[in-house]
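For reference, the structure is listed below as structure tokens.
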Amino acid sequence: MRLDKFLSNQGFGSRSQVQKLIKKGFVKVNDEIVKDPSYHIDPMKDKVELEDEEILYKENHYFMLNKPAGYITATEDEEYPTVLDLFSDLPIASKLFPVGRLDIDTEGLLILTTDGQFGHRLSHPKWNIEKEYYAIVEGDISNIDFSESENKGIYLKKEKYQTKPFKVKVLNTSKDKSEILITLTEGKYHIVKRIMQELGYPVLYLKRIRIGNLKLDEDLLPGEFRELTEKEIKDLKKLIKMND
Ligand code: URA
């Protein structure tokens, strides 16, 4: 791989930005300064340093985003800003794609990655990966018995669809609204809103807080993102049998 391509792919700037760094002599390959951006390296074997800091090769990138309301989960759209717009400063932004989908008005945990197999598997229903949401719903939910939905799910009359089992924990109730945690293993379009609508408690606010064992980092404000740690990636890969 060309040295400039390698540095750009690893997130150190656009091709022309990293070419400048290389020409200025900031980059070493196997302890020797290399000033030729077209110099070829083997990312698995060669040691590359930028300003004397070794760059550890990453084949893929994995991020968690605290999705803000008002952004759609797509790579491009003519009408609305997309979650990818939040990553536009990153040189690898064009290679990222979102895993699964949150509605335009839903906030919270969204994974974005460059790893096609990982993204594909993680969003496949066969793994039954839990997704947990915090929701504010209309009305006082305290008298509802959710034990049946935990075993059988519920039947959505309008959609003629039996959901998979799901769990609800009531956090707070008042006459006008209730706060709940709802955990499901399916990712169908508008699924939480449809379930709560069917039960007679329309969703007023929705935020995803967990996917499998990955919790939304509470330090991330809406619109902020961070890379997943090696451990977080490994734990998610374990769920989808991708561990080598
Ligand atoms: N269920 C919904 O209704 N909306 C989402 O964004 C995610 C799950």
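The values are calculated or read from the model by the stated rules, or taken from the named source; none is laboratory data. Since the model is a prediction, treat every value here as computed from it, not as a measurement. No Cβ is skipped: glycine too gets one built from the backbone with ideal geometry, and neighbour counts run over all protein chains shown. Heavy atoms of the whole protein, side chains included, go into the accessibility calculation; ligands, DNA and RNA do not. Shrake-Rupley method; radii C 1.70, N 1.55, O 1.52, S 1.80 Å.
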Got a sec to turn the phi values of region 67-72 into Karplus ³J(HN,Hα) couplings, 6.51 cos²θ - 1.76 cosθ + 1.60 with θ = phi - 60°, whole Hz, x for Gly and Pro? 5, x, 5, x, 10, 9
Taking only DSSP H segments of four or more residues, each worth -39500 (n - 2.57), what value at 222 nm results for the chain once the sum is divided by all its residues, to the nearest 500 deg cm²/dmol? -5500 deg cm²/dmol
Amide proton proximity set for residue 60, modelled H, under 5 Å, gap of 5+: none
May I ask you to rank 190, 61, 40 by accessible area, largest first, using a 1.4 Å probe over the protein chains only? 40, 190, 61
Just want to confirm a number: the relative contact order over the chain, from Cα pairs under 8 angstrom separated by 6+ residues, in percent. 19 percent
Among 172, 60, 128: highest mean-square fluctuation, GNM of the chain, C-alpha pairs under 10 Å: 172
Residue 215/residue 33 FRET efficiency (R0 41 Å; Cβ-Cβ; nearest 0.05): 0.40
At what distance in nm do the modelled label points of residue 170 and residue 55 sit from each other, each positioned 7 Å from its Cα along Cα→Cβ? 5.6 nm
What do you reckon, how do 207, 169 stack up by accessible area (1.4 Å probe), largest on top? 169, 207
Go through 24, 175 and list them by solvent-accessible area, largest first, probe radius 1.4 Å. 175, 24
Once you keep just the Cα pairs under 8 angstrom separated by 6 or more residues, what percentage relative contact order results for region 132-244? 29 percent
When the accessible area of region 3-54 is computed with all protein chains present and a 1.4 Å probe, what percentage of it is carbon and sulfur? 45 percent
Work out, step by step, the length gained on full extension between residue 186 and residue 46: first 0.36 nm times the residue separation, then minus their alpha carbon distance; give nm to one decimal. 46.1 nm
With every protein chain left in place, what is the accessible area per residue of the chain in square angstrom, probe 1.4 Å? 57 Å²
Please state the charge dipole magnitude for region 130-211, taken about the Cα centre, from unit charges on C-beta atoms (+1 on K and R, -1 on D and E), reported in debye and rounded to the nearest 20. 340 debye
